[in-house]
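Let me begin by handing over the structure; questions about it come next.
The values are calculated or read from the model by the stated rules, or taken from the named source; none is laboratory data. Not measured: the values here are computed from a predicted model. Accessible surface areas use protein heavy atoms only, side chains included; no ligands, DNA or RNA. Shrake-Rupley method; radii C 1.70, N 1.55, O 1.52, S 1.80 Å.
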Amino acid sequence: MIGSIAAVNAGGWIDRAINVLSQAAASVPDFWLGLMVVLLFAVTLRILPS
């Protein structure tokens, strides 16, 4: 879906923004993302036990 939006707007600012966000998301290490998810759901929202 988002890739289709980027393809329709090839070369535009939406395409560049989607590319930057996808590269940033792909470069996040798994262990760091896992810690941030635990921090969000266990500490901040108090939904799950840590």
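Rounded to the nearest 500 deg cm²/dmol, what is the calculated helix-only ellipticity per residue at 222 nm for the chain, with -39500 (n - 2.57) per DSSP H run of length n ≥ 4? Walk me through the intermediate numbers first.
Numbers: 3 runs with 30 residues, N = 50.
Theoretical 222 nm ellipticity from helices: -17500 deg cm²/dmol.
Percent of accessible area on the chain owned by carbon and sulfur, 1.4 Å probe?
72
In whole Hz, with x marking every Gly and Pro, tabulate ³J(HN,Hα) for the stretch 19-31 from phi via Karplus 6.51 cos²θ - 1.76 cosθ + 1.60, θ = phi - 60°.
After applying 6.51 cos²θ - 1.76 cosθ + 1.60, I find 5, 5, 5, 5, 5, 5, 5, 6, 8, 6, x, 4, 5 Hz.
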